[in-house]
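For reference, the structure discussed in these notes is given below.
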Amino acid sequence: SGGGIANRYSGSVQIYNNTINSNTSLSYYSGAAIYWQSNLNVDDHYNILAHNTITNNTIDDNAQTGGIHIARGYLSIHGNTIEQNSGYQLYNNNRNGYPDLDARSNWWGSSDEEQIKIAIFDWLDHTQQAIVDYRPFLTQPAAPATLTVTPDSLSFTSESYLAPPEQT
């Protein structure tokens, strides 16, 4: 299970505007920051991880996934800063044939695409795994989202810096 957040077969889950930092997991099959396991069905597309900072998370017994471990299921991952976790920043354990995991518009600790590929475990590492769609990616850490509440108004702002989409 996760050292920070663990989801196992919950309904629609939306995680916004959190700092998930310096967590430790003791288990080989887990993510120190986030462990995700759900049924793959239409409702899974409402599972969202957005505008979070996920840093400095570790696993005690190996360095497989200090960041986000998708054991099974779908999680839409956008606008996050995901860096400096031990091992992979994102480990996609969904099997080939599952829908691509949508992880576009995140900062992966680098603007170098080769370094980003190394930070993500998916079909590029093992052809039995499903693909992680990480392009376009942020070229610098995501600006923290701010929420301002006054008696008469509510406003939300967030800035993103995207690398250009891949040319086909």
Under the rule of at least 5 residues apart or a separate chain, name every residue whose amide H is placed under 5 Å from the amide H of residue 5. 34, 35
Once both label points are put 7 Å beyond Cα along the C-beta direction, the residue 39-residue 139 separation in nm becomes 4.4 nm
Extension gain (nm, one decimal) between residue 16 and residue 60, 0.36 nm per residue minus Cα-Cα: 13.2 nm
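A short reminder: the numbers here are calculations on the coordinates, not readings from a lab. Remember, predicted model here, so these are calculated numbers, not experimental data. Cβ: placed from backbone, ideal geometry, glycine included. Neighbour counts: every protein chain shown.
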